[in-house]
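Just below is one structure, and these are the notes that go with it.
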Amino acid sequence: MIASNGKGPSYIGAAGQCQARVDPLAAVRAPDDPPWDVYLTGTVFLDIVFTGLGSAPVRGTESWARGMGSSPGGVANMATALARLGLRTSLAAAFGDDHYGEYCWDTLEQGEGIDLSPSRRVPGWHSPVTVSMAYEGERTMVSHGHEPPPEEPAPDCPPRARAAVASLEPGKRAPWIAQAAAKGTRIFADVGWDETGAWDLAGLADLEHCEAFLPNAEEAMRYTGASCPREAAHALTEHVPLAVVTLGAEGAYAVDRRTGEAAEVPAIEVEALDPTGAGDVFVAGFVTGTLAGWPLADRLAFAGLTAALSVQEFGGSLSAPGWSEIGAWWRKVHSVASQDPTALRRYAFLADLVPEETAPGWPLRRAVPTIGFGRST
């Protein structure tokens, strides 16, 4: 196991400035491709993250955090992770016309290069806010939000895209999923905790339109009644072609019903600062590898690597790694004389993808983690 504290980069214009970016789909792009690689819809929160707490806040006391950041959260975590990996990402969401909403809009559109043409600003609507407190590898969250706008943020006819990521809700259908799938969009689905306690796969009606389902181990076992996550993954392929079950510190396991292939990749050992958004980053990494046509084990390894890099920084969208961070990790692990050669070979597919350390334009410009300051250069 590695322990750590394609194509080369192309140069494109973004945010009014030349930026270097790896295009992981360069080898598979064609003139008649959809305009977007990935389409998303959902709720954008303003996330305020406190890190470096010695313990959970105690009633009646004041706690001081060693670190703090602000960034767009919610579905913005996934959108940012995809965009930083070089995918052309389009997001449909409602944004309040308050300062929080303006900050999130500008950060996503100008700072990350995400297409917001399907999104809209809602006059008089208060942007949802989440405060996340990270300590000892755990997190506690407090959220506030007003009733959402009556109109769905998803357009009646979602734009053409290679893929879409959907969060399934038990007992509910999202009409845009079937519409997108009918156009040939490949749907990757995750799911949250079933508050009803039913854990009935039949209640995930839109699963029939999905190519891949990516629950965590507990969710997979509850939905299938299996006694272990790997057994659950195989059971899930009766309902969806590709099942990916995340195993926490053990890594991830996947089964592809269409090819009969199964793969398991262990996690990378890191010291976690803040797990916020790590699941979204994992999905983004897996989607990237799938659209690029990589082998199943490479996709799992890449998804696990991006998630591991994200938990070493604070914040959800703030911590999503780009290719500069992936390249820095790749060079660092090669510099450690005691590295296991077998473990290094597991990530050998990165060799032709990561940018050179001296490539112009690196690192990419990023929004600073505090409201009110201009973006860094």
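Using the heavy atoms of the protein chains alone and a 1.4 angstrom probe, what is the accessible area of segment 172-301 per residue in square angstrom?
Averaged over the residues of segment 172-301, the accessible area is 40 Å².
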- Query: What residues have an amide H closer than 5 Å to that of residue 73, excluding those fewer than 5 places away on the same chain, when H is modeled at 1.01 Å from N in the peptide plane?
  - Reply: 45, 46, 47
- Task: Using the charge dipole of segment 122-216 (Lys, Arg: +1 at Cβ; Asp, Glu: -1 at Cβ; taken about the Cα centre), state which of 161, 204, 123 has its Cα farthest towards the positive end.
- Result: 161
- Note on the structure: To the nearest 20 debye, segment 204-303 has a Cα-centred charge dipole, built from +1 on Lys and Arg Cβ and -1 on Asp and Glu Cβ, of 240
- Query: Taking every eigenvalue of the Cα gyration tensor of segment 47-114, multiplying by 5 and rooting it, what semi-axes result, largest first, whole Å?
  - Reply: 29, 15, 10
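The values are calculated or read from the model by the stated rules, or taken from the named source; none is laboratory data. Being a predicted model, the structure only gives us computed values, none of them experimental. Note: ideal-geometry Cβ built from the backbone for every residue, glycine included; neighbour counts use all protein chains shown. We work out accessible area using only protein heavy atoms, side chains counted, and drop any ligands, DNA or RNA first. Shrake-Rupley method; radii C 1.70, N 1.55, O 1.52, S 1.80 Å.
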